[in-house]
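The values are calculated or read from the model by the stated rules, or taken from the named source; none is laboratory data. Source: prediction; values computed, not measured. Positions of Cβ are backbone-derived with ideal geometry, glycine not excepted, and every protein chain shown enters the neighbour counts. With ligands, DNA and RNA removed, areas are computed over all heavy atoms of the protein, side chains included. Shrake-Rupley method; radii C 1.70, N 1.55, O 1.52, S 1.80 Å.
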Protein chains: 4
Amino acid sequence: MSREEKARATLDSLLNAGCAVVAAEGYSDASVAKIADLAGVAHGTFYNYFEDRKALFNALLPYEGLRMREKIEQIARTAPPGVQREIVRFEAFLNYVIENEGFYRILYEAEIFAPEAHREHMDNIVNGYLGTFRRAMAENRIRRFDDQQLHCLIYQILGMRAYAAMQIHYAADQSEKLRIRDCSVEMYGLFFGQSLLQT
Amino acid sequence: MSREEKARATLDSLLNAGCAVVAAEGYSDASVAKIADLAGVAHGTFYNYFEDRKALFNALLPYEGLRMREKIEQIARTAPPGVQREIVRFEAFLNYVIENEGFYRILYEAEIFAPEAHREHMDNIVNGYLGTFRRAMAENRIRRFDDQQLHCLIYQILGMRAYAAMQIHYAADQSEKLRIRDCSVEMYGLFFGQSLLQT
Amino acid sequence: MSREEKARATLDSLLNAGCAVVAAEGYSDASVAKIADLAGVAHGTFYNYFEDRKALFNALLPYEGLRMREKIEQIARTAPPGVQREIVRFEAFLNYVIENEGFYRILYEAEIFAPEAHREHMDNIVNGYLGTFRRAMAENRIRRFDDQQLHCLIYQILGMRAYAAMQIHYAADQSEKLRIRDCSVEMYGLFFGQSLLQT
Amino acid sequence: MSREEKARATLDSLLNAGCAVVAAEGYSDASVAKIADLAGVAHGTFYNYFEDRKALFNALLPYEGLRMREKIEQIARTAPPGVQREIVRFEAFLNYVIENEGFYRILYEAEIFAPEAHREHMDNIVNGYLGTFRRAMAENRIRRFDDQQLHCLIYQILGMRAYAAMQIHYAADQSEKLRIRDCSVEMYGLFFGQSLLQT
DNA sequence: CATGAATGAGAATTCATTCAT
DNA sequence: GATGAATGAATTCTCATTCAT
């Protein structure tokens, strides 16, 4: 391995260790010592890669969040555009949460412990939806909304999926998670489908 | 003041100080020292009233959350039962968040820092909605759902209002908060109204 | 011991330990850990008495410096006022340095590590001299100087005694220290006596 | 550039960077990292030129101190030997301090952070004065002193100029610095001139 | 020689909690 | 029951130095 490759590997170790520790114990208990230990590097090495603890925290959500968004979009593209695709997107999100147990904490504690990253993550997602909705409006697939309305709409959509994820997260076992997922998708379709159609 | 009254006054001081400090700085930075100082008692006194720091945290949400729920229901009761009332409830919640700036933190950080209280708070609210919806179904005011569906529905409703609150919380100024509130209520009505009616 | 007395005793322990450690190793190597250990208290206790490490450093010079100034003035008062007394004062200072080995570091490193305290210490001493010289001028015991001149004069006097102290501090052994002291006093008299007299 | 020239250039970079950083932040905060960065070399390169951090510190004072002594002597040679020349020397020193703001720290913190270099610097200066005074005595320009007396005399002279420099260093602005300089020279002449003449 | 990532000992500081008064 | 000094484990972060490339 070249020097550069090694550095990249160390950075990845730290990011992965960061994710693992935060997933397991939350940001609050994710000490630099634990993360460095798990990454297999000296404590000081941490600070060669991150300004401080907060900097790692702010790097976690982009690192994991991008992975999630890509996975979801990849699946979403298999569905026909429009309401149908949005429902697939919702389901894909819930599946991601089910399959990546720890992601829930990384994402939902970020508002508190990695506010910059959280804001950016939110903005990214909101912007993605803005584009989707504007296209849909342009093509007359949904009714018209002004920008303010679109923003409020999107936040409420995000709230639905966030709280569906919460419900799943706190479910007792795997089969309950799956049941909640299916039922949430159904309810989401109910809410979502009828409300946005042309009148 | 009798001994008992004095004790109750001290307890209240601590709870109020706890709310104030958490509202201002978040649970994470709400040290026992700060809370005791603000309450005007010695640090040691804190432990005569709470097992430990976590115990106070878990007491905060019931203390403030009840106040909120009462305020909201009081307003909700002025509206005719059914979809209309639920929309009023939603608006009342957003108004509460606007008027009680610090409450947002007490509530939304509780999932992390006061998980027991948060769970109970959620259960209380969910149960409230369960009753409301069951009555509405019994009276044929809304379509029928089974229990699983009701739970999922309610979580999504809570998600909407939580994220509308988030949007308001991060709004730049008061007038923007009010605009978001009004627009969110409108969107909520859109989602909510059409989806639940009898088909 | 009452609670208050105990607190005072702890504070004294810390101040004395601070002096001892700084005297032995210099401010630079005087860690809070070493000082607390020597004082026989927990590390955290240190911070019940001092804002931070710098605060202790700034407390050291007043603590020791006052002791020195009192000792010197007590001796100086035994001499007749005027040039004679000033020479006694100079000698008393050198004796203090000889007898209080560690004081040299506390005093001369303070310019770097406890700048506020050093500034105040200097001002105190300068003001003391200002008074002395103004009285002497008023009584026609020395020639006249304006304020600017007095300040410059005093700084040079302080430089003499500081560097005489330095010479003593680095002397190989006790007898050499004493020789340097006596000789410095003699030279000081030479410089000092002739220059200030009325012309 | 030959290999040797390049090495010399790197060494100079490090020495100049060392001076700059110490002048700006003091020895205490002059980390190897800052110095190497400013010199434009890798951290590891530092250790090809200096055993350790202390070694650089001990190199700084000779590097800058020599420059100062040469400058001063060059000016001093323009004055007639004797008391007159010594006063010019004193003034030249104060001017050097005024013109080389950062030098004050390099010089006066050296006693603590570069004790070997400081000792040598002092010895060099003391020896310079010893020669001067011995010549002056041989030529009957000043009264006679034995070696011990000469040493004490010289230390007190050095003290005067050091503290005059301190007074200047802490002066509020440039014009005050100049006033203090002029007044200090005057007072120095008073002390110095009358005391050393033949009696 | 130059590089710069890795090291790890050690520094300052915080704070929940205890307990003698 | 109230007090507040004492505790000490834990945390974040720094930096001189090393050494494989």
Every residue from the stretch B:187-199 that is surrounded by 17 or more Cβ atoms within 10 Å (Cβ to Cβ) and in contact (Cβ under 8 Å) with a residue 40 or more places away in the chain: B:188, B:189, B:192, B:196
The stretch A:1-30: number of residues that are without any contact (Cβ under 8 Å) to a residue 60 or more places away in the chain and away from chain B (no Cβ under 14 Å): 19
For residue A:83: the one exception among (1) closer than 25 Å to residue B:113 by Cα; (2) away from DNA strand E (no atom under 16 Å from the Cβ); (3) within 14 Å of chain B (Cβ to nearest Cβ): (1)
Near pairs, Cβ below 7 angstrom, 6+ apart or cross-chain, from the stretch C:37-48 (at negative phi) to any residue that is near DNA strand F (Cβ under 6 Å from one of its atoms) and in a helix (DSSP H, G or I): C:41/C:10; C:45/C:10
Per-region count, the stretch A:165-181, residues in contact (Cβ under 8 Å) with a residue 12 or more places away in the chain, touching a Lys or Arg at 6+ places or on another chain (Cβ under 6 Å) and either part of a loop (DSSP other than H, G, I, E, B) or facing chain B (nearest Cβ under 7 Å) (or both): 0
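Quick one: which helices (runs of 4 or more DSSP H) lie wholly within the stretch D:1-113 and hold at least 3 residues that are among the β-branched types (Val, Ile, Thr) and within 16 Å of DNA strand F (Cβ to nearest atom)?
Fully inside the stretch D:1-113 and qualifying: D:3-25.
Criterion first (within 7 Å of chain D (Cβ to nearest Cβ), within 25 Å of residue D:91 (Cα to Cα), surrounded by 15 or more Cβ atoms within 10 Å (Cβ to Cβ) and touching a Phe, Trp or Tyr at 6+ places or on another chain (Cβ under 7 Å)) does residue C:184 satisfy it?
Numbers: within 7 Å of chain D (Cβ to nearest Cβ): yes; within 25 Å of residue D:91 (Cα to Cα): yes; surrounded by 15 or more Cβ atoms within 10 Å (Cβ to Cβ): yes; touching a Phe, Trp or Tyr at 6+ places or on another chain (Cβ under 7 Å): no.
It is false that residue C:184 is within 7 Å of chain D (Cβ to nearest Cβ), within 25 Å of residue D:91 (Cα to Cα), surrounded by 15 or more Cβ atoms within 10 Å (Cβ to Cβ) and touching a Phe, Trp or Tyr at 6+ places or on another chain (Cβ under 7 Å).
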Residues located in the stretch B:3-32, provided they are open to solvent by 40 Å² or more (accessible area, probe 1.4 Å), within 14 Å of DNA strand E (Cβ to nearest atom) and in contact with a helix residue (DSSP H, G or I) (Cβ under 7 Å, 6 or more places away or on another chain): B:28
Flag if residue B:63 is among the hydroxyl-bearing types (Ser, Thr, Tyr), touching a helix residue (DSSP H, G or I) at 6+ places or on another chain (Cβ under 6 Å) and either modelled with pLDDT of 95 or more or open to solvent by 70 Å² or more (accessible area, probe 1.4 Å) (or both): no
Test set (1) in contact (Cβ under 8 Å) with a residue 40 or more places away in the chain; (2) buried (at least 18 other Cβ atoms within 10 Å of the Cβ) - residue B:89 fails condition number: (1)
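One line per residue, one yes/no per condition, for (1) touching a residue at least 12 places away in the same chain (Cβ under 8 Å); (2) more than 7 Å from every other protein chain (Cβ to nearest Cβ); (3) within 17 Å of residue B:83 (Cα to Cα); (4) part of a helix (DSSP H, G or I):
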site	(1), (2), (3), (4)
B:128	yes, yes, yes, yes
B:145	yes, yes, yes, no
B:156	no, no, yes, yes
B:163	no, no, no, yes
The stretch C:39-59: number of residues that are surrounded by fewer than 17 Cβ atoms within 10 Å (Cβ to Cβ) and more than 11 Å from DNA strand E (Cβ to nearest atom): 1
Residue check, residue D:94 within 13 Å of chain C (Cβ to nearest Cβ), under 14 Å from the mean Cα position of the chain (by Cα) and modelled with pLDDT of 95 or more: yes
Options B:90, B:145, B:103, B:113: the member that is within 20 Å of residue B:183 (Cβ to Cβ) and of a type outside the set (Ser, Thr, Tyr): B:90
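I'd like to know if the stretch B:38-53 contains one or more residues that are within 14 Å of chain A (Cβ to nearest Cβ) and either over 19 Å from the mean Cα position of the chain (by Cα) or hydrophobic (A, V, I, L, M, F, W, C) (or both).
Here is the first cut: in the stretch B:38-53, the residues within 14 Å of chain A (Cβ to nearest Cβ) are B:53.
After this cut, where a residue has to be either over 19 Å from the mean Cα position of the chain (by Cα) or hydrophobic (A, V, I, L, M, F, W, C) (or both) as well, the list is B:53.
The answer is yes, given that some residue of the stretch B:38-53 is within 14 Å of chain A (Cβ to nearest Cβ) and either over 19 Å from the mean Cα position of the chain (by Cα) or hydrophobic (A, V, I, L, M, F, W, C) (or both).
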Selection within the stretch C:125-150 - exposed (fewer than 14 other Cβ atoms within 10 Å of the Cβ) and within 29 Å of residue C:105 (Cα to Cα): C:127, C:131
